[in-house]
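Trainee: Handing you a structure now.
The values are calculated or read from the model by the stated rules, or taken from the named source; none is laboratory data. As the structure is a prediction and not an experimental result, all values here were calculated from the model. So basically every Cβ, Gly included, is an ideal-geometry build from the backbone, and we count neighbours across all protein chains shown.
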Amino acid sequence: MRRGAAAAALALACAGCAHGVRDGVRTLVTPTTAVATTNGANASLILAARTDAGVVVVDLGWRGAERALDGALASLGATRRDVVAVLLTHAHRDHVGAWRAVAHAPFHVGAGEAARLAGRTPHRGWIPRLADRLRRPDLPDARVRVREVAGDTALVFGRDTVRAFALPGHTAGSVAWLVGGVLLVGDGASHGPLDGRHRPARRGFSDDAGAARRSLARLRAAVAPHVVRAVCTAHARCAPADPATWRRLGG
Ligand SMILES: [Zn+2]
């Protein structure tokens, strides 16, 4: 009962938006990137990307996450052992499900997010806070090395560079990751329940939805010098990084 209530609380704001994966996310599938989604209708995104120095994975899904992760890796000809880094957009439970499968790799989170990932600091959004009270989240334990990235940061993997952009608001340490021209904004953006179009972060799920909106406006300027093909949310919605998308995000 408590388990069902926790899931219901998390799914509440997305009850009418069971679109699953749309074509936009499929465009991310290239010889060097693969995607998978978990958690049925809410479709938590996992992205795996080959770099010059091993495979990086952005976010780790929720229910059925290990199987989904393995599928994404297999389509790159990779296995769990090839993963050299995990990049998390934020520490909510529905984006860290496969953590055990890649616990050997360092996990990178934004400044202030490590305590959330360890469950030491509660989330402030009322829905995740309630869900965590109803059912303890399955979060990475002490075997995982967690590194916080401060502000906007570049991580170098051989000849490839992955960029982190601070995106505080949905959670204190939310981060947008730019990997191979794809900007993964986590739950720092959401999508409309009817049209599926990008929207600012959802209030009930967020620490501070106003701050999240301001962060998106700042993000647009911060990524301007870089090539960005698509903007993807943690719930598997991708859109071209064009002025219309940024306008919907308030940027
Ligand atoms: Zn979230």
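Trainee: For Arg80, state whether it is more than 16 Å from the ligand (Cβ to nearest atom), out of contact with any strand residue (DSSP E or B) (no Cβ under 8 Å at 6 or more places or on another chain) and more than 24 Å from Gly180 (Cβ to Cβ). I'd like the intermediate steps shown before the answer.
Mentor: On the way: more than 16 Å from the ligand (Cβ to nearest atom): yes; out of contact with any strand residue (DSSP E or B) (no Cβ under 8 Å at 6 or more places or on another chain): yes; more than 24 Å from Gly180 (Cβ to Cβ): no.
It is false that Arg80 is more than 16 Å from the ligand (Cβ to nearest atom), out of contact with any strand residue (DSSP E or B) (no Cβ under 8 Å at 6 or more places or on another chain) and more than 24 Å from Gly180 (Cβ to Cβ).
Trainee: Among the residues of the range 128-153 satisfying the criterion of being more than 19 Å from the chain's Cα centre (by Cα) and outside any loop (DSSP other than H, G, I, E, B), which is farthest from Ala101 (Cα to Cα)?
Mentor: Within the range 128-153, the match that is farthest from Ala101 (Cα to Cα) is Leu130.
Trainee: Right, another one. Only residues in the range 203-223 that are free of Cβ contacts under 8 Å to residues at least 24 places away in the same chain count as the first member; pair them with residues that are of a type in the set (Asp, Glu) and surrounded by 15 or more Cβ atoms within 10 Å (Cβ to Cβ), Cβ under 9 angstrom, at least 6 apart or cross-chain, and list the lot.
Mentor: Final answer for the pair search is none.
Trainee: Here are some conditions: (1) crowded, with 24+ Cβ neighbours inside 10 Å; (2) not small (Gly, Ala, Ser); (3) not in a loop (DSSP other than H, G, I, E, B). Thr171 meets all but one. Which one does it not meet?
Mentor: So Thr171 meets the others, but not (3).
Trainee: Among Ala91, Ala105, Ala34, which is touching a Gly at 6+ places or on another chain (Cβ under 9 Å), at pLDDT 95 or above and away from the ligand (no atom under 15 Å from the Cβ)?
Mentor: On the way: Ala91 fails: away from the ligand (no atom under 15 Å from the Cβ); Ala34 fails: at pLDDT 95 or above.
Exactly one of Ala91, Ala105, Ala34 is touching a Gly at 6+ places or on another chain (Cβ under 9 Å), at pLDDT 95 or above and away from the ligand (no atom under 15 Å from the Cβ), namely Ala105.
Trainee: So which residues in the range 210-248 are touching a helix residue (DSSP H, G or I) at 6+ places or on another chain (Cβ under 9 Å) and part of a loop (DSSP other than H, G, I, E, B), if there are any at all?
Mentor: Thr233, Ala234, His235, Ala236, Arg237, Ala241
Trainee: Looking at the range 217-245 only, could you name the residues that are over 16 Å from Val175 (Cβ atoms), buried (at least 18 other Cβ atoms within 10 Å of the Cβ) and of a type in the set (A, V, I, L, M)?
Mentor: Result: Ala230, Ala236, Ala239, Ala241.
Trainee: Also, I was wondering about something else. Going through the range 196-209 one residue at a time, which ones are touching a Lys or Arg at 6+ places or on another chain (Cβ under 9 Å) and not in a strand (DSSP E or B)?
Mentor: Hits for the range 196-209 are Gly196, Arg197, Ala201, Ser206, Asp207, Asp208, Ala209.
Trainee: So if I check each of Val223, Val231, which one is farther than 30 Å from Leu130 by Cβ and either away from the ligand (no atom under 16 Å from the Cβ) or modelled with pLDDT under 95 (or both)? Before the answer, list the steps.
Mentor: On the way: Val231 fails: farther than 30 Å from Leu130 by Cβ.
Selected residue: Val223, the only one of Val223, Val231 that is farther than 30 Å from Leu130 by Cβ and either away from the ligand (no atom under 16 Å from the Cβ) or modelled with pLDDT under 95 (or both).
Trainee: Scan the range 170-181 and tell me whether some residue there is closer than 21 Å to Ala85 by Cα, within 16 Å of the ligand (Cβ to nearest atom), out of contact with any Pro (no Cβ under 7 Å at 6 or more places or on another chain) and at pLDDT below 95.
Mentor: no
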